[in-house]
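Okay, structure first, notes after.
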Amino acid sequence: MYTVSKLKKQRFSVEVPASKSILNRALLLSAFTEGDTLLRCGRLCDDSEALLSCLTALGIETERPPEGILVHGTREFSHFGTLDVGSAGTAARFLPPILAFRGGEYEFRASAQMTERPMEILPLLASLGVEIEYLGNAGHFPFRLVSKGISAEKAEI
């Protein structure tokens, strides 16, 4: 189990390695916090492009200066949307719980390859009161997620 403490507002610089997994986690962290974050990185892979598309659908603004991606993070993003994670595993695993905790109504779509992968997180979210409507096979993409927010003091995911 990890304990996460609230960060105080500060300015710092972090080098993001050329790893789509780490870059996508950095994109998520910078998108859902207030303020601007410049992620210095090279050319984006398809997974990172899919994640950026999902963030845009949520109303999170990004720019692409020559040195990387500038993310205009916010805690005020859309409570509704259709999100296509493509084949991006990080987006597929992280976006549903993030959005379930916040609350809203979202339709999740994915590539044919991703629809074959079971999403073990979905039954866990349902056990926390999140409504999951499967639009294909149970436990897989595509699905509709409806949440009033998760208020549990503790959730092991």
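The values are calculated or read from the model by the stated rules, or taken from the named source; none is laboratory data. Please read all numbers here as calculations on a predicted model, not as lab measurements. In this analysis, Cβ positions are derived from the backbone assuming ideal geometry, glycine residues included, and neighbour counts consider all displayed protein chains. Surface accessibility is based on the protein's heavy atoms, side chains included, excluding ligands, DNA and RNA. Shrake-Rupley method; radii C 1.70, N 1.55, O 1.52, S 1.80 Å.
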In degrees, nearest ten, helix 46-57 long axis to first principal axis of the chain (Cα): 80 degrees
Could you give log10 I(q)/I(0) at q = 0.10, 0.12 Å⁻¹ for the chain, computed by the Debye formula over C-alpha point scatterers of equal weight, without solvent? -0.36, -0.52
Can you list the HN-Hα couplings for region 133-147, worked out from phi with the Karplus curve (6.51, -1.76, 1.60; θ = phi - 60°), rounded to whole Hz and with x for Gly and Pro? 10, 7, 9, x, 6, 4, x, 9, 5, x, 7, 10, 10, 10, 9
Calculated [θ] (222 nm, deg cm²/dmol) that DSSP helices of n ≥ 4 give over the chain, each run adding -39,500 (n - 2.57): -9000 deg cm²/dmol
Could you tell me the calculated FRET efficiency between S87 and R64, based on Cβ-Cβ distance and R0 = 25 angstrom, to the nearest 0.05? 0.70
Ordering T56, T62, T90 from largest to smallest accessible area (1.4 angstrom probe), what's the sequence? T56, T62, T90
What is the sum of charges, Lys and Arg at +1 and Asp and Glu at -1, for the other residues whose Cβ falls under 12 Å from the Cβ of C54? -3
Any idea what the dipole of the chain comes to, in debye rounded to 20, about its Cα centre with Lys/Arg Cβ at +1 and Asp/Glu Cβ at -1? 480 debye
Solvent-accessible ranking of E49, E61, E153, largest area first, probe 1.4 Å: E153, E61, E49
Quick one: Karplus J couplings for region 107-119, per residue in order, coefficients 6.51, -1.76, 1.60, θ = phi - 60°, nearest Hz, x for Gly and Pro? 9, 9, 10, 7, 5, 4, 4, 5, 5, 7, 8, x, 10
Compute the FRET efficiency between K154 and H79 as 1/(1 + (r/R0)^6), taking r as their Cβ-Cβ distance and R0 = 25 Å, and round to the nearest 0.05. 0.55
Can you list residues whose amide H is under 5 Å from R109's amide H, if they're 5+ apart or on another chain and H is modeled 1.01 Å from N? L83, D84, V85
May I ask which residue of F32, P123, F80 lies farthest towards the positive end of the charge dipole of the chain, with charges of +1 (Lys, Arg) and -1 (Asp, Glu) on Cβ and the Cα centre as origin? F32
